[in-house]
Amino acid sequence: MPEERTNVLKIFTTPGEFEPFTFILYQVRDLRELHVTITDLTGEKEIIRQADLDLRLVTYWNIRYPYRITEGIYRNVPELFEKVTVNDVKRKECQRYWIIAHIPADTSAGIYKAEIRIEHVGLKNPIFLLVECKVLDFKLKKDPHKHFSAYFSDPERKYRGMTERLYETAVNNELQAMQDYIPVCSPE
């Protein structure tokens, strides 16, 4: 419906930040060679290059539900961010795109604009979705006491039956593996 559509994606960020934003295409008919691209983010005096805008398609898999060990019950869930800019899609299947904008640390404050270009076989004129990115005039500070990871596990189930000391060792080893995975960043 027209009221469900948007023509502008608005985000805000700070210099040195990785800022994700997303949009979804919902097509009412099958589309061949759906092609989605994004331009540079252009400001008054500076450009955030297209190479700093990582465009990914969210792909869905049937995963056992409610647990990965469940038999016979599945749920279609988002699983991967894939570098896919051209694909064939079936009607009424959402195509979610995820963009991670890396704003260089020396970027000046201001409004930066880009266009997302959407095309497919049979479409006479491309569809454009405007992106407005407001870069704020300060940098975020890193909290050295907070750690984040791409891992997830359920230690109570994973290490069930272990003695208290063995359980603590296993959990600490897993935590260390997560911390080793995180790239070393200089504090700002």
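Can you list the trypsin sites (Lys or Arg not before Pro) in region 42-133 that are in a DSSP coil and have 16 or fewer other beta carbons within 10 angstrom?
For trypsin sites (Lys or Arg not before Pro) across region 42-133 that sit outside H, G, I, E and B with at most 16 neighbouring Cβ atoms in 10 Å, the list reads 45, 49, 68, 83, 90, 91, 92, 124.
At a temperature of 10 °C and a viscosity of 1.306 mPa s, determine how fast the chain diffuses translationally according to Stokes-Einstein, using the Kirkwood radius over alpha-carbon pairs as Rh; express D in µm²/s, rounded to the nearest whole number.
Estimated via Stokes-Einstein, D reaches 79 µm²/s.
Quick check on packing: order 161-170, 9-18 by the mean number of other C-beta atoms within 10 Å, highest mean leading.
9-18, 161-170
Which residues does the label zone of residue 29 cover in region 100-125, counting backbone N under 16 Å from a point 7 Å along Cα→Cβ?
Those under the cut-off are 119-125.
What distance in nm lies between label points placed 7 Å from Cα along the C-beta direction at residue 136 and residue 111?
Going by the 7 Å Cα→Cβ label model, 1.9 nm.
Structure shown: which of 113/141; 45/124; 10/83; 45/139 lie over 30 Å apart, alpha-carbon to alpha-carbon?
The answer is 45/124.
How much length is gained on full extension from residue 10 to residue 22, taking 0.36 nm per residue of separation minus their Cα-Cα distance?
Contour length minus the Cα-Cα distance gives 3.3 nm.
Could you state the angle between the C-alpha long axis of helix 164-181 and the longest principal axis of the C-alpha atoms of the chain, as a value from 0 to 90 degrees rounded to the nearest 10?
So the inclination is approximately 30 degrees.
Coordinate-derived values only; no laboratory data. A quick note: this is a predicted structure, and the numbers were derived from the prediction, not measured. Cβ coordinates were reconstructed from backbone atoms using ideal geometry, including for glycine residues, and neighbour counts include every protein chain displayed.
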